[in-house]
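Asks: Questions regarding the structure given below will be posed in turn.
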Amino acid sequence: MLCHALFLALLAAVSIAAKAPSAWNGHTDVVSHKLAPFTPYYVPPGAKSYDSASPLVHYTGKWHDTYSSAYVHKSLRWTSARNAAVQLTFTGTGIEVFGNAGKKNGAVKVYIDGKLVQEINPGLDVVTPYKQQRTFWKFDLVFGKHTIKLVNEASKAPSGKPGVLDLDAFVVTRGRDWAAQPGAKSSPPTRLHAVLSPRKAVSASADWKLTQEGTTGVHAMQLAVISTTHALVVDKVEHNPLTVDGHPAWAALYNLDTHALTPITMQSNSFCAGGSFLSNGTLINVGGNPIVEDHTASADFGDVDGLQAIRLVEPCDSGDCTMYENHDRIRMAVLDGTTLSAIIIGGSKKGGWINNATVNNPTVEYFPPKNIHGSKGMPVHVPFLDDTLPSNLFPLAFALPDGTLFMAANRDAMIYDWENNKERRLPQLPNGVRVTYPMAGTAVLLPLSPANDYAPEVLVCGGSAIDDSRPSYEMTSQEPASAQCVRMTLTNEGIARGWEVEQMPEARLMPDAVLLPTGQVLLVNGAGTGISGYGNVRNQIGASNADHPVLTPVLYDPAAPAGHRFSSDGMPTSDIPRMYHSVATLTPRGDVMIAGSNPNLDRSEMRYGTEYRVEWLAPPICSRRARRSRMQMRSCPSGRSSSCSGPHGLGYVTHAVHANSRLVELQILRRGDGVLEVAAPPSGKIYPPGPGFCTSLRTGAEQGDQGHGWDGQGPPVDEAAIANVLSNSQADQYEKTKEDSSSE
Ligand SMILES: *[C@@H]1O[C@H](CO)[C@@H](O)[C@H](O)[C@H]1NC(C)=O
Ligand SMILES: *[C@@H]1O[C@H](CO)[C@@H](O)[C@H](O)[C@H]1NC(C)=O
């Protein structure tokens, strides 16, 4: 087994050396349009760079200095001597090595704390070496003092001469010293467990705490907590600092306890994809963009068209999750979309900004494919998605307790009975406010409670009343967003009463709504003016279509009397703008992870730049964590695992859409001996089968435990429908269309 692994590692090294330079090194920035090399060197906030000339970096053997403004601090140190070595002792959890990748470079052994961890080979057959390349990285060290040592093998380089080891800089990630946390033992708190209790309001008070810790490595366009310890961060293809397989990564696993990152390999471009969980806990990530390839874009990363992609992440706990993608076997029949549960709704057949009739995809389809009203797995036409053009992308949707779906797009809303393909149109959203891309608002299904027989109520907040028939060059980044929130109970009486209108303290376009375990809704992120996207309207800030970031979160208490529901009292204010492509999610620890913002085609440092920093907003209850006892979610009587199904789906977050976000209150049956017995919701439609977290407020044990709804069974699989989709659709249609047109 060990030999096999080593063989693979060596093969990888050889293949790097033999590979032609990857296109991602042809980086063009938006301003100059000139081809320039991409330099992955990057020091995130909280990390520290040690230049090759630092007195803390120690060298043995014969080394030389080279000076150029293309190097970090204008200097680089190199050796061609066999067994010459460089060493740094540092304190932290992560280490990165930067240097050249070119024809002179060869194999180098990397040791950490005296142990061989990897053999790298930055050798590349190129005329000019690429500078400031990340040649080695490790982010998951136990916090403490470590020594990294690089030893030159002087093996044959692509130049034919003995390979050169060069060092431009080390970057050390300090990370968190868990041992120094009050109440902590030696390792990060991994599985802390909790039980359930009725809602208890937490007011916005000075106790809310905002801290900035960790970076996402890839820009956080999409975010989903996938286990008690990890979140999945998904971006589009761009020049992120985190790399994988020798090129920038566009997905990563984020360790919620240690802040360590693991890059994930993805084949296709997940630009503006959506996601959801299946009943067996597998996460699906669907759609995306074709390879972005106009002259201001990221160059080709060797990825494939993402428009029809369905990517699977099987349940995984330990941080070794991978993404499965095979367009010949699994794909959507048509292009793009955003998801709810396993229904894939709407979208556009081509990448672009505001939707239009030519590219609109007014359909729903299912994953796995379903044969429904004669569809044989193919998409089902939904007129609502025609009637809501043009600003109808990223529809807001929730599964309701009777099995139907609530859907809002543009200024309209409906209840979709998917089993019978019937629409029930709801009253239009008041005051001309549009709530879907690029006039993005956000929505939540308010907590479902046995107290009112799980009557569903939706809350839709923010957006914009900009006239969406105007051309983009008549819109500006300075047009006010909407402060409106509307809510409606989706029962016959509720619908007859119509929308209840409220005003947030500040207007927000692109807000995120996070359902808290208290039943309150945290509204965070967003812009006070403009419109979603980049590069489209007048008065862009950098490339941003939006301006006036809203920096103070606001808490909405649905149970409070009208007029007393919003509060920002004592809520901390951030100094990080989070506008287009920003995200927020509740974590199993009970705090809110806030990340992203990138109104840019590619990574950019101009205002408003690409944001990698993560913030954590902790409610008062979290600060008492260390002093509270914790309880464990016990396994349930066999065959009745549903009684442990999580009442809180944390959702798949992107573009202000929190797909599958859901909170269900559970009834307590028995309490005593440190055990709390709760009743499962009476039907699987109230909390659809799938992963969920249980949280207790009463014990103060705020960390949720993860359970799977029902018995973890997969969704029904209709092989005939799958076969029909595969025979009636082509993989990567858009790429094929391009090939056809270019050969004309
Ligand atoms: C429709 O949208 C696509 C994609 O953004 C764009 O290429 C096309 O020009 C648009 N068509 C019209 C008629 O506006
Ligand atoms: C869950 O179901 C999907 C769809 O059939 C399947 O692709 C996936 O492998 C399943 N996951 C597990 C863990 O069984």
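Residue-by-condition table, conditions (1) touching a helix residue (DSSP H, G or I) at 6+ places or on another chain (Cβ under 6 Å); (2) assigned to a loop (DSSP other than H, G, I, E, B); (3) crowded, with 22+ Cβ neighbours inside 10 Å:
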position: ASN355; (1), (2), (3): no, yes, yes
position: GLU365; (1), (2), (3): no, no, yes
position: PRO368; (1), (2), (3): no, yes, no
position: ILE372; (1), (2), (3): no, yes, no
position: SER375; (1), (2), (3): no, yes, no
position: LEU385; (1), (2), (3): no, no, yes
position: PRO390; (1), (2), (3): no, yes, no
position: ASP402; (1), (2), (3): no, yes, no
position: ALA408; (1), (2), (3): no, no, yes
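Asks: Also: I need a count of the residues in the stretch 131-148 that are touching a helix residue (DSSP H, G or I) at 6+ places or on another chain (Cβ under 8 Å) and among the polar types (S, T, N, Q).
Replies: In the first step, residues of the stretch 131-148 are kept if they are touching a helix residue (DSSP H, G or I) at 6+ places or on another chain (Cβ under 8 Å); the result is 132, 143.
From what's left, among the polar types (S, T, N, Q): 132.
Here the count works out to 1.
Asks: Go through HIS295, HIS259, HIS219 for me and flag whichever is part of a loop (DSSP other than H, G, I, E, B), surrounded by fewer than 24 Cβ atoms within 10 Å (Cβ to Cβ), touching a strand residue (DSSP E or B) at 6+ places or on another chain (Cβ under 7 Å) and modelled with pLDDT of 85 or more. Even if it seems obvious, please write down each step before you answer.
Replies: Values: HIS295 fails: modelled with pLDDT of 85 or more; HIS219 fails: surrounded by fewer than 24 Cβ atoms within 10 Å (Cβ to Cβ).
Result: HIS259 is the single residue among HIS295, HIS259, HIS219 that is part of a loop (DSSP other than H, G, I, E, B), surrounded by fewer than 24 Cβ atoms within 10 Å (Cβ to Cβ), touching a strand residue (DSSP E or B) at 6+ places or on another chain (Cβ under 7 Å) and modelled with pLDDT of 85 or more.
Asks: I need every pair where a residue in the stretch 363-381 that is assigned by TED's automatic domain parsing to the domain that holds ARG311 has its Cβ under 7 Å from the Cβ of a residue that is surrounded by fewer than 17 Cβ atoms within 10 Å (Cβ to Cβ) and in a loop (DSSP other than H, G, I, E, B), sequence separation at least 6 or different chains.
Replies: Once the first residue is assigned by TED's automatic domain parsing to the domain that holds ARG311 and sits in the stretch 363-381, its partners that are surrounded by fewer than 17 Cβ atoms within 10 Å (Cβ to Cβ) and in a loop (DSSP other than H, G, I, E, B) give PRO368/VAL717; HIS373/ASN421; GLY377/ASN371; VAL380/HIS373; VAL380/ASN421.
Asks: Scanning the stretch 682-729 for residues that are assigned to a loop (DSSP other than H, G, I, E, B) and aliphatic (A, V, I, L, M), which turns out modelled with the highest pLDDT?
Replies: So the first thing to find is which residues in the stretch 682-729 are assigned to a loop (DSSP other than H, G, I, E, B), and the list is 682-690, 695-704, 709-718, 729.
Imposing the further condition that a residue be aliphatic (A, V, I, L, M) reduces the set to 686, 697, 701, 717.
Values: ILE686: 88, LEU697: 66, ALA701: 40, VAL717: 83.
Only one residue tops the list, namely ILE686.
Asks: If I go through the stretch 46-86 residue by residue, how many of them are part of a strand (DSSP E or B) and out of contact with any His (no Cβ under 6 Å at 6 or more places or on another chain)? Lay out the reasoning, then the answer.
Replies: Taking the stretch 46-86 and keeping what is part of a strand (DSSP E or B), we get 47-51, 58-60, 64-67, 75-79, 85-86.
Subset that is out of contact with any His (no Cβ under 6 Å at 6 or more places or on another chain): 47-50, 58-60, 64-67, 75-77, 79, 85-86.
The qualifying residues number 17.
Asks: Tally time: how many residues in the stretch 487-508 are touching a Phe, Trp or Tyr at 6+ places or on another chain (Cβ under 9 Å) and under 20 Å from SER568 (Cβ atoms)? Give the derivation first.
Replies: So in the stretch 487-508, the residues touching a Phe, Trp or Tyr at 6+ places or on another chain (Cβ under 9 Å) come out as 487-488, 490, 502-505.
Now drop any that are not under 20 Å from SER568 (Cβ atoms), which leaves 487, 502-505.
Final tally of qualifying residues: 5.
Asks: With (1) away from ligand 2 (no atom under 16 Å from the Cβ); (2) modelled with pLDDT under 80 as the list, and ASN326 as the residue in question, which single condition is left unmet?
Replies: So the condition that ASN326 fails would be (1).
Asks: Could we say that PHE394 is touching a residue at least 24 places away in the same chain (Cβ under 8 Å), under 25 Å from LEU663 (Cα atoms), crowded, with 20+ Cβ neighbours inside 10 Å and more than 16 Å from ligand 2 (Cβ to nearest atom) here?
Replies: Details: touching a residue at least 24 places away in the same chain (Cβ under 8 Å): yes; under 25 Å from LEU663 (Cα atoms): yes; crowded, with 20+ Cβ neighbours inside 10 Å: yes; more than 16 Å from ligand 2 (Cβ to nearest atom): yes.
Yes; evaluated as a whole, the condition is true for this residue.
Asks: One residue is enough: does the stretch 471-483 have a residue meeting the conditions surrounded by fewer than 24 Cβ atoms within 10 Å (Cβ to Cβ) and among the hydrophobic types (A, V, I, L, M, F, W, C)?
Replies: First, the residues of the stretch 471-483 that are surrounded by fewer than 24 Cβ atoms within 10 Å (Cβ to Cβ): 471-480, 483.
Filter again for among the hydrophobic types (A, V, I, L, M, F, W, C), leaving 475, 483.
Yes, there is a match, as at least one residue in the stretch 471-483 is surrounded by fewer than 24 Cβ atoms within 10 Å (Cβ to Cβ) and among the hydrophobic types (A, V, I, L, M, F, W, C).
Asks: Inside the stretch 572-591, can you point out the residues that are β-branched (Val, Ile, Thr) and either assigned to a loop (DSSP other than H, G, I, E, B) or surrounded by 24 or more Cβ atoms within 10 Å (Cβ to Cβ) (or both)? Spell out the reasoning first.
Replies: Restricting attention to the stretch 572-591, the residues satisfying the condition of being β-branched (Val, Ile, Thr) are 573, 576, 583, 585, 587.
Once the filter is applied, which keeps residues that are β-branched (Val, Ile, Thr) and either assigned to a loop (DSSP other than H, G, I, E, B) or surrounded by 24 or more Cβ atoms within 10 Å (Cβ to Cβ) (or both), the stretch 572-591 yields THR573, ILE576, VAL583, THR587.
Asks: To continue, here is another question. Are any of the residues in the stretch 398-406 within 21 Å of ARG662 (Cα to Cα), at pLDDT 95 or above and aromatic (Phe, Trp, Tyr)?
Replies: Yes, the conditions are met somewhere in the stretch 398-406.
The values are calculated or read from the model by the stated rules, or taken from the named source; none is laboratory data. What you see is a predicted model, and the numbers here were worked out from it, not measured in a lab. Cβ atoms come from the backbone with ideal geometry, glycine included; neighbour counts cover every protein chain shown.
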